[in-house]
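Written out below as structure tokens is the structure these notes cover.
The values are calculated or read from the model by the stated rules, or taken from the named source; none is laboratory data. If you're wondering where the values come from, they're calculated on a predicted model, not measured in any experiment. Note that each Cβ is placed from the backbone with ideal geometry, even for glycine, and that neighbours are counted across all protein chains shown. The area values use the complete protein model at the heavy-atom level, side chains included, leaving out ligands, DNA and RNA. Shrake-Rupley method; radii C 1.70, N 1.55, O 1.52, S 1.80 Å.
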Amino acid sequence: MIKMKVLELANHINRTKMTSKRAIKPEDPEYLILEPVVTEEMAEAALVLELRKPKTAGEVAAICGKSEERCAGLLWELAMAGVCFVNKIDDEDRYWLETWIPGVMEMMTNNRENVARYPQIAEAFEAYGRVRGPMSAGNFPIGAGLMRVIPIERSIEGETRRASYEEVSRYLNENKIFSVSDCACRTAREAMGEGCGHLKEDMCIQMGHAAEYYIRTGRGREISRDEAFDIIRRAEDNGLMHQIPNTDGSGKTHAICNCCGCSCLSLRTAEMFINSDMVRSNYVSRVDQDKCVACGECVEVCPVNALQLGQKLCAGDPVREIRRETPRDREWGPENWNPDYRTNRRVVLDSGSSPCKAECPAHIGIQGYVKLASQGKYREALELIKTENPFPAVCGRICPRKCESACTRGDLDDPVAIDEIKKFIAQKDLEEETRFIPRKKHDHDKKIAVIGAGPAGLTCAYFLAVEGYRVTVFEKQQRPGGMLLMGIPSFRLDKAVVEGEIDVIRQLGVEIRTGVEVGSDVTLDQLRSEGYRAFYVAVGAQGGRLLGLDGEDAGGVETGVEFLRRVNLGGKADLAGKTLVIGGGNVAIDVARTAVRCGASGVEMFCLEDREHMPALDEEIEEALGEGIGINNSWGPVKIRVEEGRVRGMEFAKCLSVFDGEGKFNPRFDRNDTLFVPADNILVSVGQSIEWGSLLAGSGAEIRGNRSVVADRETFQTGEADVFAGGDALTGPRFAIDAIAMGKEGALSIHRFVNPGQNLLYGRTKRSYRSFDKSLLDLGGYDRLPRESAPHVKGGESRETFADLRGILTEEQIRKETERCLGCGATVTDPYLCVGCGACTVKCRFDAITLERKYDAQGLELFDIRPAVMKRMVKRKAGIALMKPVRTIRRGLGL
């Protein structure tokens, strides 16, 4: 049943008559937000209140015909509900009404108990801007919006034309009383199950009369000025920006909000309705493309997706600035909106950007750390790498270098030695005095379990620890590191390097329990009973695969993975006699080179593929050949000969390299062309298997036929809601950098999952970076420069030791090599969509992006806004009429 007095109150706050065309109706959010908590009697008292004109209970009683005592009680109920303000003025409580936004809707949503009891309040708050927002498009003059972005002060320090009303510090220094509350927008999103991962607590700062109200009604807690400055600083460090209520008049406000673009209902105006003028500051970002290194930090922090990566080396005219139609001078309807803005953020232009960042599975800002290294800023370079990858020293030694394969410099002479540069930088992480340990962002005091201490699991633990969670890693082996430790020989990856980077993770507070197999020693349910809120399963592919031939159980036959584990864990691994390694991948190369060091004689590899299609990296093949290992291509194993329980050799058939229509290798054996090779040992390295044990027994997680777990490829959530997965357990055997990339994404999902009301996808950046078209490259004018390299290690020397004899570039070589980077990517800005918040400038380490003062608009007092809007509407309507025939002609010409 409709509450008529409450409906009348909604129109009273709205300043509309019940009989007008613009009147609030029962289905409108203005009525729906009041309806659950405002009684008809409360509405009667509220109808006496006026907008921004404080009244006492006695004054209200004199008009509404109730006793002063009764009116005082009703008014206090209204204030507690958030319908009106209350302040002590001249030693007496006085009450007044505020606007819907910023005002009543935020105040009502900041009553936690009411929102929990009546989700309709949150839904109405969210609906208000979605329903009313379209009417504002193009009609509000710049500076006259109800909320307004205020730049991060650091971002305008060099701007001589900045005004004091554009400085956060002014508002904090001018006020004496402060409070901090939950963010109302995030509270609403959370109540609707649409949170973005930015949490609501201790976000919005109130000042003056608003602080008094928030403190008295329990919406916020009182804080000092220093605490307010600290909240502002932490928000900026965590990628948030600021807005202020903009209806108090120029240079005045009563609150500072720390906002994200993925939940803020004010910034939605810019993002969904493409109406940035409603909220923008006087500033617009400008990119110096000569300084920009396309690291992507600014792109991912921009709250309104006004920045994307582009390129600057292709022929023609590379995009320097994004141009778009705007509501300033044309009709603006749903066809112009972006309703899916929370899930369709773009990080790169259609024309693409730098190939190195695009091809790196973790999308590290490679140009960025190369530039920092060129400037001798090695610690800063390390910090940039570790925003994506906590194992730079490991990857500097074993990465497949997809970035180098795609490097634009390779189209001129040789690719930049990216991995060697990273290896040099990462040495700082192995030395105690120069180690980078990131600052924790929060303190969530929630327990998360990671199962498997390989690259995926440890990466997930790292990022969860940085976020502020209590993380325990469970590892069934006696040492952490997974396949980094057990599957890669020391001559490629020294165990001290792995342990050094794991030590950084420990220093973040991560507990690593070894010798514990989850599923047998402890179950998931037992861990849940101990308070663990979520699980990241990254058990790797630590088992070997055999060939399915008779005789595989004979003495001398072993999987390559088991052999490497024995060697790496210090077990007996002496090999006597001729040894065959079956397989042609990187692991098979490692097995063969390890066999040489274990005393095997005449080590030979046999693989199905021809030399061109061997899956092993060319560099690793050359290293194997250099150590005297024979590689026999296009031979497939067909029979193992066994005598007295011991292997005596293997029979092979010639393999014909056949590829199907999709380019997939489909071998066929020629049984008429066979070869017998005597052998004392056979090490089978044709794949790896995932050993689950009873880990997922009784859970909703599904295992595929290939033994990998089924999980969503964006969120990494399995069929068991609190179990997430990544690494080889999800994809099958891949490279460490692939596992590292999945570990970070898994951490992002777990953070959202363990906090109520957070959605796993909303506001999540889809890192769909892609390379530009190299056929359009224009490399004229660039000199050829030789690639720097570490001293070559001779195979005769390396085969005698398990030590990694490969050197590191000298600092002088680093200087020369970093100069070879062509800097082919750059950030591109959309000057209309940009709201001038400055978050990008805070993230930029290269002074490549700045805020420039483009507008000179000041805020208006509430009662001056409507006339300004009416004037703007008339002017805009006339402009649209004048431009209509011009647009018709342009469309006819296909322009």
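Computed quantities for the displayed model
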| item | result |
| --- | --- |
| Single condition M203 does not satisfy, out of (1) farther than 23 Å from G838 by Cα; (2) open to solvent by 10 Å² or more (accessible area, probe 1.4 Å); (3) hydrophobic (A, V, I, L, M, F, W, C) | (1) |
| Test: residue in segment 428-437 that is open to solvent by less than 10 Å² (accessible area, probe 1.4 Å), part of a helix (DSSP H, G or I) and at negative phi | yes |
| Scan of segment 396-425 for residues that are within 23 Å of the chain's Cα centre (by Cα), hydrophobic (A, V, I, L, M, F, W, C) and either surrounded by fewer than 21 Cβ atoms within 10 Å (Cβ to Cβ) or modelled with pLDDT under 95 (or both), ordered by number | C399 |
| Residue within segment 865-874 that is open to solvent by 30 Å² or more (accessible area, probe 1.4 Å) and within 30 Å of K371 (Cβ to Cβ) present | no |
| Qualifying residue in segment 574-594 (condition: part of a strand (DSSP E or B), among the polar types (S, T, N, Q) and either under 27 Å from R671 (Cβ atoms) or in contact with a Ser or Thr (Cβ under 6 Å, 6 or more places away or on another chain) (or both)) | yes |
| Residue in segment 630-638 that is in a loop (DSSP other than H, G, I, E, B), out of contact with any Cys (no Cβ under 7 Å at 6 or more places or on another chain), of a type outside the set (G, A, S) and closer than 26 Å to R597 by Cα present | no |
| Number of positions in segment 642-701 that are β-branched (V, I, T), open to solvent by 40 Å² or more (accessible area, probe 1.4 Å) and in contact (Cβ under 8 Å) with a residue 40 or more places away in the chain | 2 |
| Inter-residue pairs, beta-carbon under 7 Å, first on the phi > 0 side of the Ramachandran plot and in segment 449-467, second charged (D, E, K, R) and open to solvent by less than 10 Å² (accessible area, probe 1.4 Å), 6+ apart | G452/E475 |
| Matching option when the condition is open to solvent by 30 Å² or more (accessible area, probe 1.4 Å), in a helix (DSSP H, G or I), under 21 Å from H444 (Cα atoms) and not aliphatic (A, V, I, L, M), among E212, E190 | E190 |
| Residue match in segment 760-771 (condition: of a type in the set (A, V, I, L, M, F, W, C) and within 30 Å of Q243 (Cα to Cα)) | yes |
| Positions within segment 470-490 being open to solvent by less than 10 Å² (accessible area, probe 1.4 Å) and either assigned to a loop (DSSP other than H, G, I, E, B) or free of Cβ contacts under 8 Å to residues at least 40 places away in the same chain (or both), in sequence order | G481, G482, G487, P489 |
| Complete set of residues in segment 550-565 that are under 18 Å from A496 (Cα atoms) and either open to solvent by 20 Å² or more (accessible area, probe 1.4 Å) or touching a strand residue (DSSP E or B) at 6+ places or on another chain (Cβ under 6 Å) (or both) | R565 |
| Residues of segment 595-606 satisfying the condition of being part of a strand (DSSP E or B) and either of a type in the set (V, I, T) or surrounded by fewer than 22 Cβ atoms within 10 Å (Cβ to Cβ) (or both) | S601, G602, V603, E604 |
| Unmet criterion (only one of (1) surrounded by fewer than 21 Cβ atoms within 10 Å (Cβ to Cβ); (2) in contact with a Phe, Trp or Tyr (Cβ under 7 Å, 6 or more places away or on another chain); (3) under 26 Å from R492 (Cβ atoms)) for R379 | (3) |
| So E651, is it on the phi > 0 side of the Ramachandran plot and more than 44 Å from the chain's Cα centre (by Cα) | no |
| Given (1) within 18 Å of G197 (Cβ to Cβ); (2) under 17 Å from the mean Cα position of the chain (by Cα); (3) buried (at least 24 other Cβ atoms within 10 Å of the Cβ); (4) of a type in the set (A, V, I, L, M, F, W, C), number of the condition V301 does not satisfy | (3) |
| Criterion violated by N672 - all others in (1) modelled with pLDDT of 95 or more; (2) assigned to a strand (DSSP E or B) satisfied | (1) |
| Any hit, segment 109-129, residues being part of a helix (DSSP H, G or I), open to solvent by less than 60 Å² (accessible area, probe 1.4 Å) and hydroxyl-bearing (S, T, Y) | yes |
| Among (1) open to solvent by less than 50 Å² (accessible area, probe 1.4 Å); (2) within 26 Å of E383 (Cβ to Cβ), the one test that V518 misses | (2) |
| Qualifying residues in segment 811-831 (those that are within 22 Å of F273 (Cα to Cα) and surrounded by fewer than 22 Cβ atoms within 10 Å (Cβ to Cβ)) - the one farthest from the chain's Cα centre (by Cα) | P831 |
| Selection status of T459, within 18 Å of G368 (Cβ to Cβ), among the polar types (S, T, N, Q) and touching a helix residue (DSSP H, G or I) at 6+ places or on another chain (Cβ under 8 Å) | no |
| Leading residue by the ranking (nearest to Y95 (Cα to Cα)) among those in segment 22-60 that are assigned to a helix (DSSP H, G or I) and open to solvent by 50 Å² or more (accessible area, probe 1.4 Å) | E59 |
| Positions within segment 328-339 being touching an Asp or Glu at 6+ places or on another chain (Cβ under 8 Å) and open to solvent by less than 50 Å² (accessible area, probe 1.4 Å), in sequence order | N336, N338 |
| Pairs where the first residue, in segment 834-854, is within 23 Å of C264 (Cα to Cα) and the second is in a helix (DSSP H, G or I) and aliphatic (A, V, I, L, M), C-beta under 6 Å, 6+ apart | V835/A270; A839/V301; K843/V301; L851/I156 |
| Any hit, segment 149-170, residues being in a loop (DSSP other than H, G, I, E, B), over 20 Å from E212 (Cα atoms), in contact (Cβ under 8 Å) with a residue 24 or more places away in the chain and open to solvent by less than 10 Å² (accessible area, probe 1.4 Å) | yes |
| Residues of segment 250-300 satisfying the condition of being outside any loop (DSSP other than H, G, I, E, B), closer than 30 Å to P355 by Cα and of a type in the set (D, E) | E271, E297, E300 |
| Failed item in (1) under 29 Å from L569 (Cα atoms); (2) open to solvent by 10 Å² or more (accessible area, probe 1.4 Å), with A624 passing the rest | (2) |
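Residue-by-condition table, conditions (1) among the charged types (D, E, K, R); (2) surrounded by 17 or more Cβ atoms within 10 Å (Cβ to Cβ):
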residue	(1), (2)
A62	no, no
E68	yes, no
G73	no, no
W76	no, yes
